[in-house]
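Notes follow the structure.
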Amino acid sequence: MFFLGLLLVIIYGGGTTLSGAIQLQKQKIPFLAALSLCLLGLLLILSACLSSTFPFTLFILVFVLMLIHGVALFNGFHMYGKINPLHHIIRLCLSGIIIFIFTVKHLY
């Protein structure tokens, strides 16, 4: 189950990093918001990869996911003038699954 969580994090973090890099080029959102997406996506992947060795990385993983959600909400509002609820509900569910998998991994 840990490998499923790791795969989800790599896809989610990689997608976040990629979207940040694309936004750096398109400049539809502020530079720092796009850069933070890139860095947070990479930090998410790094914390998931290190979670086997360092148990405290679970807290980093949760914190980074919360920051990604905050930046995504800001970016959506900045680009479209509104928030897409379905998009953020899907993000929240995926984050919940990731947190659940890594929490179970640390408990057992």
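The values are calculated or read from the model by the stated rules, or taken from the named source; none is laboratory data. Not measured: the values here are computed from a predicted model. Glycine gets a Cβ as well: all are built from the backbone with ideal geometry, and neighbour counts include every protein chain shown.
Okay, residues lined up against (1) farther than 17 Å from residue 20 by Cα; (2) at pLDDT 95 or above; (3) not aliphatic (A, V, I, L, M):
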{"position": "58", "(1), (2), (3)": "yes, no, no"}
{"position": "63", "(1), (2), (3)": "yes, yes, yes"}
{"position": "67", "(1), (2), (3)": "no, yes, no"}
{"position": "77", "(1), (2), (3)": "no, no, yes"}
{"position": "93", "(1), (2), (3)": "yes, yes, yes"}
*Can you pull out the residues in region 58-71 that are in contact with a helix residue (DSSP H, G or I) (Cβ under 7 Å, 6 or more places away or on another chain) and either in contact (Cβ under 8 Å) with a residue 40 or more places away in the chain or not hydrophobic (A, V, I, L, M, F, W, C) (or both)?*
58, 61, 68, 69
*Residue by residue through region 96-106, note down the ones that are closer than 13 Å to residue 48 by Cα and either touching a His at 6+ places or on another chain (Cβ under 7 Å) or without any contact (Cβ under 8 Å) to a residue 12 or more places away in the chain (or both).*
100
*State all residues of region 8-33 that are over 13 Å from the mean Cα position of the chain (by Cα), at negative phi and not β-branched (Val, Ile, Thr); if no residue qualifies, say none.*
21, 23, 24, 25, 26, 28, 30, 31, 32, 33
*Name the helices (runs of 4 or more DSSP H) wholly within region 1-102 that hold at least 1 residues that are surrounded by fewer than 14 Cβ atoms within 10 Å (Cβ to Cβ) and of a type in the set (Val, Ile, Thr)?*
2-26
